[in-house]
1. Once a ≥ b ≥ c are taken as the square roots of the eigenvalues of the Cα gyration tensor of the range A:7-92, is the result rounded (a/c under 1.5), prolate (a/b larger than b/c) or oblate (a/b not larger than b/c)?
2. Filter chain D for me: DSSP H helices, axial length by Cα at least 24 angstrom, mean Kyte-Doolittle hydropathy not below 0.0. List them by residue number.
3. Label points 7 Å out from Cα along the Cβ direction at residue D:96 and residue B:601: separation in nm?
4. Of all trypsin sites (Lys or Arg not before Pro) in the range D:65-104, which ones are in loop regions per DSSP and have a Cβ with at most 14 other Cβ atoms within 10 Å?
5. Taking 8 Å as the Cα distance limit and 6 or more residues as the minimum spacing, I'd like the relative contact order of the range B:340-490 as a percentage.
6. Please work out the FRET efficiency for the pair residue B:173 and residue D:289, using the Cβ-Cβ distance as r and a Förster radius of 45 Å; give the result to the nearest 0.05.
7. Would the range D:3-472 count as rounded, prolate or oblate if I go by the C-alpha gyration tensor, calling it rounded below 1.5 in a/c and otherwise prolate when a/b exceeds b/c, oblate otherwise?
8. What percent do you get for the relative contact order of chain D when only Cα pairs under 8 Å and 6+ apart count?
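The values are calculated or read from the model by the stated rules, or taken from the named source; none is laboratory data. Note that the structure is a prediction, hence the values are computed from the model and not measured. As a convention, Cβ positions derive from the backbone with ideal geometry for all residues, glycine included, and neighbour counts pool all protein chains shown. When the accessible area is computed, the model is the full protein with side chains, heavy atoms only, and any ligands, DNA or RNA have been set aside. Shrake-Rupley method; radii C 1.70, N 1.55, O 1.52, S 1.80 Å.
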Amino acid sequence: MIDGIGLQEILIVSTIMFFLGIYGFFTRKNLITILMSIELILNSVNINFVAFNKYLYPNLMQGHFFSLFVIAIAAAEAAVAIAIIIDLFRNIKTIDVEKVSSMKN
Amino acid sequence: MTMDFQYTILIPILLFFSFVYNILWGRTRSPKIAGLISTTTILIAAVLSYYTAYQYFFNVGLVNGSYEKIIAFKMVWLHFSDTLVVDMGILLDPISIMMLVVVTTISSMVHIYSFGYMHGDDGFARFYAFLSLFSFSMLGLVVSSNIFQMYIFWELVGVSSFLLIGYYYQKPSAVAAAKKAFIVTRFADLGFLVGILLISYVTGSLDFAVLTDPNGPVMLQGASLGFMGLSVMTWALILIFIGGAGKSAMFPFHIWLPDAMEGPTPVSALIHAATMVVAGVYLVARLFPLFHIAAPNAQYVVLAVGGFTSLFAAVIAITQIDIKRVLAFSTLSQLGYMMAALGASGYGAEEGIGYTASMWHLFTHAMFKALLFLGAGSIIHAVHSNNMTDMGGLRKYMPITHITFLIGTLAIAGIPPFAGFFSKDEILVALHQSSHFWYWVEVITAGLTAFYMFRLYFNVFWGENRHYHHKPHESSLSMTFPLMFLAFMAIVSGGFFMFDFGAFISSNLVPYDIHIHWDIAGLSIFVALIGISLAAMLYLKPSGISTKMATALGPVYKATYNKFYFDEIYLFVTHKIIFNLIARPSAWFDRHVVDGFMNMLAWITNFVSGSIKGLQSGQLQHYAMSFVSGAVALALFFLYFMTR
Amino acid sequence: MEQYVFYILAAIILVFSFLTVTSRMILRAAVYLLFVLIATSGIYFMLNYNFLAAVQLTVYAGGIAVLIVFSVLLTSQLNEKMEQVSLTKALAGGLIAFAGALLTILTIVQYNFRPNGLPELEPSPREIGHAMLNYGDNGYVLPFEVISVLLLAAMVGAIIIAKRPAKLLNEDRTIIDTSYPSDKNAYTSRTKAEIDSLLK
Amino acid sequence: MNLNSFLLMRHELILIAVVLLYLASEIIGGGKNKRFSLNFAVVLFLAVTIIGFLPISTGTMFGGMYQTSPAIILMKNILNAGAFIVFLQVVSWLKKEENDNRIMEFFILIVSTLIGMNYMISAGDFLMFYLGLELATIPMAALAAYQVYNLKSAEAGIKLLLLAALSSGIMLFGISMLYGASESLYFTDLIRTMEMNSMTVLALVFIFSGLAFKISIVPFHFWTADVYEGAPMSVTSYMSVISKASAAFVLMSLLFTVFAQLKEIWTPILYITSVLTMTLGNLFAIRQRNIKRFMAFSSIAQAGFIFLGIISGTQMGMSTVIYFLAIYIFSNLAVFGVAGAIYNQTGKELIDDYAGLYKTNPALTLVMTFGLFSLAGIPPIAGFFGKFFLFTAAMESGFLWLTVIAVLNTIISLYYYLLIVKAMYITPNESPIAFFRSDFYMKMGLILATIGILVIGFIGGIHHYIYNLSFGIL
């Protein structure tokens, strides 16, 4: 627990961060920056888990471990995503998300 | 006394094996063998059916004054829930046995006939395989012990009909017709399906034995639940009737039947005249107690749709020149009669005369309409054309076809002592009892029927002589034998043996006597004769033959010919008014509005589909926005509107 | 004292998160992200989850952020600014995100969380290691195994994408098509034809 | 914990062993011998599928993190069988020169996703559930991007990966709220402590949208068409059946266990999304020219039907969902098998290209027709029975209007399925796809799918068998 800081304050920070990430996902032009937005989203979820664990149910470490695994998955996701992005870049010389739209309707 | 009827399972099974054999190995053997196998199996099935009928009606006979419903075979098939179980079984009762006889008889004749008609065709084995499949499904349908089993066979019948209509798959029109038949009946079948769902929902059973028990609890269930002013049971039955209307080509689902004439003619005789199209009538008859007791409103719908279809189709038939299409519309009209009779019938031995009449007409109609179609096939085979305008004077070349066709025509026109007279008379009696409006509609239809059928007859066999490329000749024995047999049936299945259907088939399984009502019969004969004379005047060309014909037809023709001095007025009335003002517009309406409606539905769907394509923009971020806003909207809705 | 540290960390997180998703210089955005991740690990430290904070620093800040920076270097001109976001997109996206945030925050603020009040389990490396290899209640050996499969699969996946087909190995630059996607038909048909010729 | 109880996890363990064997064979053989690799992969997987059907006991392990029940095992076996058919159908494509040197990787990835799905189905807590879900998703994105020489493939991969990451991010947020509101992540605890309040409703909505994404429920479905179109044919086929079926199953069991207390919330959610999904899926399907895209929307529409069974909330409804999924898998595999065979042979994947196919390749046409008819729900093919049971289930629970809407939608769907049938049989074509012979594996794949379609419906016992499996849910 952090002295003088309630659970809700941490949660508000993480929620804002989460939706900033979502906003970034909506608006960024570049696939890599979209990937960054996803990292923000996952990071905020981690804060949620950790805070709940610490403030509400400190006798077990469920939230703590969940965050640990989310970090590992974020790494795996980022690796594959960057592989695909680079492949895309090699093929079409751009990673502008709006141009990656050859399939529609 | 109980009899063991288990052997009846063989009737459909045999045909199924014949189908499997022909579809797998038929092509590799000589086509003759394929045909022989199919024909043999259907003949065995026919013999078994006759034996069953004999056993059922004469050996088992009446128990406590009525016929029993016998479950000859039964196995559990599907479990819907712990209580609702669907069987696969065989139900024997008077109407299912009658249908067994009808289907196997007509099917045997068609099998034999096809030997000649389809001779030399590439797909001979395929054709017989499909015929076997069709007979199998149709027999499975008529013996179904529950409505779900019936639905499955119902659809199988639809599939085999699809295959047979589209048999000439090289012909685009044939394939289009097959597709149309398939879609339209599927459309109607969805109604059937929802009806079944509702029935199972309301009654918790799908068994015919339970559903049609007039004293059972089912009759009262669903009456309390209402929906838009009608009870749920009424809705269920109306929806089921929509399914029946689709198969039996009632207005407005009739549009597929005339097009279905693209199939080979024996197929038209079997499927689109005698067996499959009566499935709808059979379905209503199967559920008759339910219609009559639990949902009178639904029964009135049956009457109205049947009555209207019979008139509507008869009017259109006047304008057709393709002989198969004339027969197709006449089939519609006759099916309308059967439906109307069911709609008008009461429940009970004497009151249920409409029920008996409908089944009787189904029986006789199967005989004479198959005869007419096979005759038409024989003609087409000889002339190589479907058009009346290409024919004329054929009586000299094809005597057997001519005589048998005449018998069929007289039977459908309702002239005694041919079969159609008796059954149609009973239908009119039933209508007279229940509704005068529909009675008069059907009387007029009877006149129209006589008119257009004789128009066809005169045009083909009399009229002016054409010059044919090949001299038409009588068909081979394999084709004429079925004609003769069916002509015989068309004579005797009515009243010749003085057996009456009431002794076998009645709405509550209790036999009773049918009398001919000469007051009503007299009127219908008179109307029919008017129709015939009119046809004779217009189409029997005055070339010496007409005088012979006039003497042959006797005083009625003379009277009409002499009394109506004003020929011109007469022609004006018929041609200008009936043709141009009623018949042609009806035909136009049929082709453009009813058909068009179906097309419009497709068009609207397409249009809507096209107008929303922008949603799928290919933009990753739009997808994400839709995703998140969907989630947020759901959350918002359920947090602030649902729970408060 | 701790309170103020937290506020500072929170401010860093929020400001740099905002900058990460708005900065038009891509490398800068990556660096801002790095700050956010480091500040988050600061919060973990404050909560006394030292192991997690360390993982956050090494895997997240050290691994993923660096990976991102490398990919940025590979794919972008560094002095180039990204295009301005179109106003409609920014508005629509902002609105949706704002609505979502508002909704969630309201729910969180109104909700009455109930701590179970049990004594805290010391999140020492020893405890963590014990839980990681425990197969009973609150043991994490199974997820640990699954994540190893996942990492293996991700590795294979990344390799398979990075690895050009044998025939294309030396000529991979030749199938680059700059007309994508404005001339869609051209790109599909031409590429196919080119690949066919390459494969022969 | 002894070895016996460890073997409860047999399905997953075998699959992991298979991955390792694939990897070993790749390392030892260097992937040089193409024929050996393919035969090895397929035969090994056949063994896996068969072993899966051997009797096995059920229970929970790892302190409740892992659980099996007869229904779960059945579902795993269905998935195995479906995956096996995909394997059979993929061989002829992998044989192509363009895939040299990367055959085993394909199998490794696809089996990894299968492991993920199995764990997801068997999960007893949200951590395992989430890991399973990701294991089923991340390699899938790599598979979608597998054809690196095809530009659409990379686009499909990145769209899938990023959107899946977003969806799992949102789902994770939901899971974290659930954790905050109910103390535990174990399902058994959650069932006990779950109560309806704003936090859990929010969590439900977020978790639901994450899974709805996998099942392609409107409005979470947009990725489907693009990814299906861009991914290689076999991957699309795998995604459309195995991925979707497992996610649907998991959604169902989650709703009935963890969220059972929130039934009055999720019932309307399912109602709304189901109607939207059926209708929009159908409307979009009509205008598609590409077979993969077409099947994407068709599978979206089918997903809407699955909800009918879930929403009914009865044992009948739930057993029918499994039944329907099995039929759906076989039907889709029949269609995709034929489309894949044609694509491998000619590179064509537009519906217009299929015109006149009946004249040149009647057998393929027939299989395709069966598949499409089954999807359209035309009796007596299996698909009809699936739909019929779903309708009955919904009807019996009183969802009259939903059933009516569903029936109306089957009419629309009938129309567009017949468009393809029409193209194959009727539409004249001067240069139809020439006759060709498929290889042994492809033939087996198509035959198995066809048998599935024709047999599952007619053998009434199958549905009853599923019905009688104890769910541990009701």
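1. Values: a/c = 7.00, a/b = 1.86, b/c = 3.77.
It is oblate, given that a/c is not under 1.5 and a/b is not larger than b/c.
2. Working: long enough: D:10-29 (27 Å, 1.59); D:34-53 (29 Å, 1.70); D:70-94 (35 Å, 1.62); D:103-122 (29 Å, 1.73); D:126-144 (26 Å, 1.72); D:151-182 (46 Å, 1.29); D:198-215 (25 Å, 2.01); D:263-286 (34 Å, 1.05); D:291-312 (32 Å, 1.35); D:315-346 (46 Å, 1.11); D:400-425 (37 Å, 1.66); D:440-458 (27 Å, 1.98).
Going by DSSP H runs, the hits are D:10-29, D:34-53, D:70-94, D:103-122, D:126-144, D:151-182, D:198-215, D:263-286, D:291-312, D:315-346, D:400-425, D:440-458.
3. A separation of 4.1 nm, rounded to one decimal place.
4. Working: sites: D:76, D:95, D:96, D:102; in loops: D:95, D:96, D:102.
Here the sparse-neighbourhood loop sites are D:96.
5. On the way: 205 pairs, mean separation 57.2, N = 151.
It comes to 38 percent, rounded to a whole number.
6. Values: r = 26 Å, r/R0 = 0.58.
Using R0 = 45 Å, I get an efficiency of 0.95.
7. Numbers: a/c = 1.62, a/b = 1.22, b/c = 1.33.
Judged from the Cα gyration tensor, the range D:3-472 comes out oblate (a/c at least 1.5, b/c at or above a/b).
8. Working: 739 pairs, mean separation 74.4, N = 474.
Once normalised by length, the contact order is 16 percent.
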